[in-house]
Amino acid sequence: MNIVFMNTLEKEAGDHRVTSAQVSIGEEQGIWNVYWNEPDSAGKIQQDQWYQGVSWDEMLSAFRQGLRDKVRSGYRPLVSTDLESAQGLSGKARMTQMLTYYCEENPSEEVYETLRAWRREQAAREGKAPYILATNRVLRMISVFLPQSKEELQQIPGFGEQKTTMYAADVLNLTAEYTRSNGFPLDWVAKSVDTVKFEAWLHAQKEQKLRTELDREVSKRKLLEVVAGGGSLADLQAVLTMPRRELLLWVEDLEREGYDMDPLVEAELASIPEEEQIKAWNAFESEGDRYLKPVLQRIIGAEELKGKELDRAYEWLRLLRLRFRREKERFASQAAS
């Protein structure tokens, strides 16, 4: 069984003693299990199964209800997470969520699409991913609140001083074309929001976040199982139904976290001629390993790759780079010792 969540809880047992228990969520072949492990009076661990089944909602409901009962009996989690509590936000974080909620309830699609078009064109000019310029949430807020000055634009959460300096002129030119019904500062939003509906929205957001986190944990364990078994990117794609580029980014993240990705590297590089790998390795040493494009140009010379051939070249170079960086770190460690 894959344990995707576990937390320890403690409660006072008198005479300066503490009783420790554990709650866990596990998944095996699509079956969810929730367990509570608590010592009896003799210290022997007793296990209660709070849930077993395929329903996410039923599992989560059983988990929350069981946890609420244990908290009422005196247990307190050592690590507080959204799993245990739906406590409200406070201060700046709560206000940011309230602004997000207001924008979802009062969308301005025409302005939003105009801003998205600007972001797409600007990102292409800079060679950046669009979300680096501004996230969808930020664009939503700009489209609804329509800032008319740099000072107002900086009051949009996520659009700070640096981005204002870089993009204020473009953004304000767009928002100036529209008339707004309310101005800045945005403290009026708190008075216009239905508190009950907002709290329900907050709860739904936390539920979705939890679902995403647990789904990702399950997918992570499946990925590690495929890699450990010598599987390829095609095998990973078949199991996880994710684009290959996303899989590669995830593999790189896991490598940085210390997981062994070498079986995957070995499986993918098996079809690449050793001569090509040596050229790429030498290119990493001369060009550095931060960017892949100079390395690829060094390997292919004047020849240009397109389409799937280009994608494939970048794939195996990313994987070879994992091995190169590992070797570089090993040599640096040996030199320092």
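The values are calculated or read from the model by the stated rules, or taken from the named source; none is laboratory data. Computed from a predicted model, the values in this text were never measured in an experiment. Because the Cβ atoms are built from the backbone with ideal geometry, glycine has one as well, and the counts that use them run over all protein chains shown. Surface accessibility is based on the protein's heavy atoms, side chains included, excluding ligands, DNA and RNA. Shrake-Rupley method; radii C 1.70, N 1.55, O 1.52, S 1.80 Å.
For this structure, a couple of remarks:
- Residue in segment 304-322 that is farthest from Leu254 (Cα to Cα), counting only those that are in a helix (DSSP H, G or I) and out of contact with any helix residue (DSSP H, G or I) (no Cβ under 9 Å at 6 or more places or on another chain): Gly307
- Applying the set (1) in contact (Cβ under 8 Å) with a residue 60 or more places away in the chain; (2) over 30 Å from Lys128 (Cβ atoms) to Ala204 leaves exactly one unmet item: (1).
- Residue count for segment 98-142, restricted to those that are touching a Lys or Arg at 6+ places or on another chain (Cβ under 9 Å), part of a helix (DSSP H, G or I) and among the polar types (S, T, N, Q): 3
- Options Gly66, Gly26, Gly30; residue that is out of contact with any Phe, Trp or Tyr (no Cβ under 6 Å at 6 or more places or on another chain), within 24 Å of Arg211 (Cβ to Cβ), surrounded by 13 or more Cβ atoms within 10 Å (Cβ to Cβ) and of a type outside the set (Ser, Thr, Tyr): Gly26
- A count restricted to segment 229-255 and to residues that are over 19 Å from Glu27 (Cα atoms) and open to solvent by 50 Å² or more (accessible area, probe 1.4 Å) stands at 11.
- Selection of segment 121-161 for residues being basic (Lys, Arg) and either open to solvent by less than 60 Å² (accessible area, probe 1.4 Å) or under 22 Å from the mean Cα position of the chain (by Cα) (or both) yields Lys128, Arg137, Arg140.
- Scanning segment 183-215 for residues that are under 30 Å from Leu236 (Cα atoms) and surrounded by 13 or more Cβ atoms within 10 Å (Cβ to Cβ) gives Gln205, Lys206, Glu207, Leu210, Arg211, Glu213, Leu214, Asp215.
- Test result for Ala238, without any contact (Cβ under 8 Å) to a residue 24 or more places away in the chain, closer than 23 Å to Arg216 by Cβ and either in a helix (DSSP H, G or I) or in contact with a Ser or Thr (Cβ under 9 Å, 6 or more places away or on another chain) (or both): yes
- Residue identified as hydrophobic (A, V, I, L, M, F, W, C), under 18 Å from Tyr101 (Cβ atoms) and over 24 Å from the mean Cα position of the chain (by Cα) among Val171, Val193: Val193
- Scanning segment 288-312 for residues that are more than 26 Å from Leu224 (Cα to Cα) and open to solvent by less than 90 Å² (accessible area, probe 1.4 Å) yields a total of 10.
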